[in-house]
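**Student:** Here it is, the structure, as structure tokens.
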Amino acid sequence: MKKHNFSAGPCILPEEVLKKASEAVVNFNNDNLSLLEISHRSKPFIAVIEKARALVLELLNLEEKGYKVLFLHGGASTQFLMTAYNLLNKKAAYLNTGTWANKAIKEAKLFGDLIEVASSEDNNFRHIPKGFEIPKNVDYFHCTSNNTIFGTQLKSFPEFDGVNVCDMSSDIFSRQLDFSKFDLIYAGAQKNMGPAGTTLVVIKEEILGKVERVIPSMLSYKTHLEKESMFNTPSVFAIYVSMLTLEWLKDLGGIPFIEKVNNKKAALIYKEIDRNPLFKGFAEKEDRSTMNATFTLLDEKLKDTFDKMCLEAGISGINGHRSVGGYRASMYNALPLYSVQALVDVMQELEKTQK
Ligand SMILES: *Cc1c(COP(=O)(O)O)cnc(C)c1O
């Protein structure tokens, strides 16, 4: 039986997607060629990328609202600098909610002045700052919707009248949001959309063209928009598998359906974390992520026993990030409810051994 895969990323993908993807590697479209050995400009691949783009807009409810979809290289980490390179003239505002936000801030500082509107660093990023003001005269506001490492998530987004940029790497397609509030959304595929190797960018073209600096072709959104993500060879395999995953999600009932499942999974694990006297949640309750649940064992001496029990139960990938320690159960879209139940069962068994 397949393991219960709680990996934070790259992460679990639906079984049927893996099966279709493996078939395409050998024989794509019954054409007796591998997906990996055909031109990215061939008709069959153009159909794939067009379908992927259409599914992104459909699932996010952004059709006919002036958005363009790009599949780029370099991960979300390249977006940290590309956003600033393309949008930062003088000043930008950033919300600092953890490691990834910090990295985005560091890159953006290379291009202009930054205002950190709020930070939860002094609380080791256990909560999402609230009640802060975003100055009106900034080129854009940047936030991170879900903090993969600390297990916090923005439940609502600040109202900002200007350009809104969001790193949604670890919770895009997981919950219903008014995505049209954002002018630029980016996400590395490997958390909730597909395998590593491509980065999704959903952008309103009208926000571009406002900076005066010269932007190298590969780092310019304009280049990629003009060439429809084909300025250079795109990650054909990652885009194909992302397309399959989006198709899988659409067939299930899209974001409204998966959001319910994700809420159930999160409720199940957090209930146990709060009930079980051996465990303690890391993030503050009101800001807990539905994607990444972070928790610790109160008695470190139980770690070896718990780890062994998890291993025996086929639970994989729950070690916390090195900056937080403890455990992190990542429950992305493709993780079934029964996997969370399996983890909860082990937590309860551990409790029994202490009685
Ligand atoms: C994983 C992650 C990143 C980094 O993604 P890469 O594709 O590895 O560059 C950025 N932001 C968030 C929120 C993430 O979870």
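**Student:** Please identify the DSSP H helices in the chain that span no less than 30 Å along the helix axis (Cα) and have a mean Kyte-Doolittle hydropathy of -1.0 or more. Each step should come with its number before you reach the end.
**Tutor:** On the way: long enough: 254-275 (32 Å, -0.39).
Passing helices, by number: 254-275.
**Student:** Straight-line reach from Lys106: which lysines fall under 16 Å, measuring Cα to Cα and dropping same-chain residues less than 8 apart?
**Tutor:** The qualifying lysines are Lys90, Lys91.
**Student:** By counting other Cβ atoms within 10 Å of each Cβ, how are Asp304, Asp122, Asp171, Asp139 ranked from fewest to most?
**Tutor:** Result, fewest neighbours first: Asp122, Asp304, Asp139, Asp171.
**Student:** A further question follows. Number of Lys pairs in segment 254-353 with C-alpha atoms less than 22 angstrom apart, excluding same-chain neighbours closer than eight positions?
**Tutor:** 17
**Student:** Follow-up question, since we're still on this one. Any idea what diffusion coefficient segment 14-158 gets from Stokes-Einstein, in µm²/s, Kirkwood Rh on alpha carbon pairs, 20 °C, 1.002 mPa s?
**Tutor:** Details: Rh = 18.3 Å.
Estimated via Stokes-Einstein, D reaches 117 µm²/s.
**Student:** Right, something else. Please pull out the direction-averaged projected area of segment 254-353, using the convex hull of its alpha-carbon atoms, in nm² to one decimal place. Write out the running numbers ahead of the final one.
**Tutor:** On the way: hull surface 25.4 nm².
Average projection, Cα convex hull of segment 254-353: 6.4 nm².
**Student:** While we're on this one: On a straight-distance basis, which aspartates and glutamates could pair with Lys103 in a cross-link, Cα separation under 20 angstrom, same-chain partners fewer than 8 positions away excluded?
**Tutor:** Asp113, Glu116, Glu121, Asp122, Asp139, Asp167, Asp171
**Student:** Please give the calculated 222 nm ellipticity per residue for the chain, where each DSSP H segment of at least 4 residues contributes -39500 (n - 2.57) and the sum is spread over every residue; nearest 500 deg cm²/dmol?
**Tutor:** Details: 9 runs with 124 residues, N = 355.
Mean residue ellipticity at 222 nm (helix-derived): -11000 deg cm²/dmol.
**Student:** Let me ask something else. Among the lysines, which have Cα under 23 Å from the Cα of Lys51 when same-chain residues fewer than 8 positions away are ignored?
**Tutor:** Qualifying lysines at Cα under 23 Å: Lys19, Lys20, Lys43, Lys65, Lys68, Lys191, Lys204, Lys222, Lys227, Lys250.
**Student:** Using Cβ counts within 10 Å as a stand-in for footprinting exposure, how do Met331, Met218 rank, fewest first?
**Tutor:** Sorted ascending by nearby Cβ count, the order is Met218, Met331.
**Student:** How would Phe150, Phe160 line up from fewest to most surrounding beta-carbon atoms within 10 angstrom?
**Tutor:** Phe160, Phe150
**Student:** Over all alpha-carbon pairs in the chain, figure out the percentage whose distance exceeds 34 Å. Numbers along the way, then the final one.
**Tutor:** Working: 17462 of 62835 pairs.
Result for the distance tail: 28 percent.
**Student:** Starting with the highest mean, order 8-19, 306-317 by the number of other Cβ atoms within 10 Å, averaged over the residues of each peptide.
**Tutor:** Details: 8-19: 18.2, 306-317: 15.8.
Packing proxy ranking, top to bottom: 8-19, 306-317.
**Student:** Tell me the net charge near Ser174. Cut-off is 12 Å between Cβ atoms, Ser174 excluded, with +1 for each Lys or Arg and -1 for each Asp or Glu. The partial results should precede the final answer.
**Tutor:** Details: positive: Arg175, Lys191, Lys260, Lys265; negative: Asp171, Glu259.
Residues close to Ser174 contribute a combined charge of +2.
**Student:** With an 8 Å Cα cut-off and a minimum separation of 6 or more residues, compute the relative contact order for the chain in percent.
**Tutor:** Working: 669 pairs, mean separation 82.4, N = 355.
Result for the chain is 23 percent.
**Student:** Then there is this: How many percent of the alpha carbon pairs in segment 139-198 exceed a separation of 14 Å?
**Tutor:** Values: 972 of 1770 pairs.
Percentage above 14 Å: 55.
**Student:** When the convex hull of the C-alpha atoms of segment 30-86 is computed, what volume per residue in Å³ does it have? Display every interim value, and only then the final one.
**Tutor:** Working: hull volume 7.5 nm³, N = 57.
Expressed per residue, the convex hull around the Cα atoms of segment 30-86 is 132 Å³.
Here, each number is a calculation from the coordinates, and none is a lab measurement. Just so it is clear, the model here is predicted, and its values are computed rather than measured. With ideal geometry, Cβ positions are generated from the backbone for all residues, glycine too; neighbour counts draw on all protein chains shown.
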